[in-house]
1. Taking chain A as the reference, fit the longest principal axis to its C-alpha atoms, fit the long axis of helix A:86-96 to the helix C-alpha atoms, and give the angle between the two in degrees, 0 to 90, nearest 10.
2. I need the helices of chain B that pass two filters: whole DSSP H segments spanning 20 Å or more by Cα along the axis, and mean Kyte-Doolittle score no lower than 0.0.
3. To the nearest 10 degrees, how steeply does helix A:2-11 sit against the main Cα axis of chain A, on a 0 to 90 scale?
4. What Kirkwood hydrodynamic radius, in Å, does segment A:94-193 give when the mean of 1/r is taken over all pairs of distinct Cα atoms and then inverted?
5. Can you return the lysines within cross-link range of B:K169? Criterion is Cα-Cα under 16 Å, with same-chain partners fewer than 8 residues away left out.
6. Subtracting the Cα-Cα distance from 0.36 nm times the residue separation, let me have the gained length for B:A166 to B:T302 in nm, one decimal.
7. Quick one: dipole size for the protein assembly as shown, taken about the Cα centre, charges +1 on Lys/Arg Cβ and -1 on Asp/Glu Cβ, in debye to the nearest 20.
8. When only alpha-carbon atoms are used, what values of Rg and Dmax, in angstrom, describe segment B:165-321?
Amino acid sequence: MSSSAIGAEETADLLCHLDNVQGIVDALSSVRWKRHQDAVIEVSEHGIVLIVEDSGCLQAKVYLQRELFIRYDYSAQGRPRFGVGLGLFVDCLNTFSVPGHSNTIEIRYPGPDMQLLLKSIDSLDACIYAEIRTRIPDTISWDYDFEPAGSSPLSFTVKSAALKEAIDDLEWPGSSVQITLQPAPPSVMFKGEGHGDLQIEFMYYANTDLLIAFHCDHAVSHRYKYKFLRATTSNLPSNVTKDNRGSKLTIGRGGMLKVQHLVSVARSAATHQYNPSGYQQPSRIAYVEFFVKPEVDGDDT
Amino acid sequence: MKFKAFLTDNGVALLEKRFLPALDKIDKTCNLYLTRDHAVFLHNLLNGDGLQSVAQFRIEALFDGYRISSQNEDRIAFAVDLSLLHRAIRSSVGICNELTAAGSASERLQIKLVKKLPANSTQPMPFLTFETKGYKSAVIQDVPISKPMSRAQVLELQSALDSAQALPKTLVQVHDLNQLQSFVDRMRHVGDVLNVWISKHGDLHLQISTTLITLGAEFRKLVVLGERAEAPREDRSLSAQARSERAVTRGDAEAVQVSVKHFAKSLQCHTAKPDCAFYGIAEQGACLTVIFQFFIPGTRQTDKSISLHCSFFFLSTPSNLG
């Protein structure tokens, strides 16, 4: 066992150390919208990307850039990809996050049997370890290449907490939600239709504190299934709504909706106290992106 | 069959704030077993299923003016609902405090065994009665209990209690129960069965292993009570799994499988504020035992008037110990 472990170290595609497990747990939890989800993890010299999909209509990606790790040794040819159960992976990582203790963990791939190996490395006399069995990933079932709808972008940035609240409120009409952007007056409208209808409007000039940025040169309107729209904000970690940076929504070609959140992966509060400026390193951000396909009958208007 | 006593301040502090909330988390009902010298709260000792616990107090730790008599060597045992018992003590204490605040003379909380005719019933039923007497008023609370156990049942309980006192040969000490609890609480999402290894070298190794994941924690160099042995040098560089398996093969460790749920429940006992805990496995992996240790306040000496331990009965011994 020991000799194979040492052998694995020499040949591991990835060996990285992480000092804020909770931040990564938060980032990965934000794409956890149901109980059983298969995730694909792709490793590259730039970092780790985790991808989940649902029904060919929704895809989410979490980008963990190499700057988030305190050590990142990558030595693979090509980009290794493997599948894991998202829930299991997050629950397992969560076990490593002991509140009130600094937790540095080592992540290694592949193990002797293609496992993903994790272990805590900050204490000599107590060690937490995990071996997660990986799968050969399915090919991505749909082409998620996001292309701009035209020469100028159709996008808006809204405070994350407000976006989550609006989407939560649209639950009762259920079914589907129409998102309309119009340049004059510049505004965004969410309209839920189902058992009844509910309309939530963000006026750019009236709500500059909520709607932070707005780009639209022609009116556009698409419908999205409520359950997919809801998945984009349902598990946002509390630090996203608390920091309330803003989430960016972009409508691409064919009405594909892209929702982007920034999740802080700053180190635990205890270590922050030593930082007199209170300044967070900008690189300690995990990027989370969702791609939602529009409903088929929701053609451009 | 008679039982009557006054609950002391220390007894109230022990039961109300510490032991009853902890025991309630193990299981709602338990047996209360009273003898001339001890009051014992017992969980699952007779049905032997899963998690057993024994919390034993010397009479002086809880009561004064203690009187007990029965035809069975002055031993009485019955089942009681812990949450009702807790509520009754809590509210009696509240009343006591109010009376004291009102300047009433020496209020004491009396506890006794009575038989009463409940409303709408023709059969008298047994109750544990809490009586708080003030200058002008008295508040009485009745906690329903089971019919006291027969002589045969009490004997059976006593012999189960005697055999539950047997200590594993090796015990390892865990200081930070909160850390262990937070770890096990997170770990329980991953699987249901916990493999536990305890070695004479002072290693405690916990592991959940399913077809999809193996998740474990190894705590090393813990203080050992009882049989100990030096760990072989060559084992240091091994993985936790390999180290444990080799120790079992050498006869330096025991292994057992228990339910994660039971293990997590036993950790709830930290609300009883033990000062530390010892874990050990009975020979042949018959059960995992945890013994909580209490110090005399302000000292590092064991308070022998209080004892609390839990045992987990094995699901099966791990078969993969090659």
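Coordinate-derived values only; no laboratory data. All values derive from a computational prediction rather than experimental measurement. Glycine gets a Cβ as well: all are built from the backbone with ideal geometry, and neighbour counts include every protein chain shown.
1. 50 degrees
2. Values: long enough: B:82-101 (28 Å, 0.59).
Both cut-offs are met by B:82-101.
3. Orientation of helix A:2-11: about 50 degrees from the principal axis.
4. Details: mean 1/r = 0.0520 Å⁻¹.
Result for segment A:94-193 stands at 19.2 Å.
5. The reachable lysines, counting only those whose Cα sits under 16 Å from B:K169, are B:K200.
6. Numbers: separation 136, 0.36 × 136 = 48.96 nm, distance 1.86 nm.
Taking 0.36 nm per residue and subtracting the Cα distance, the gain is 47.1 nm.
7. 2120 debye
8. 15.2, 49
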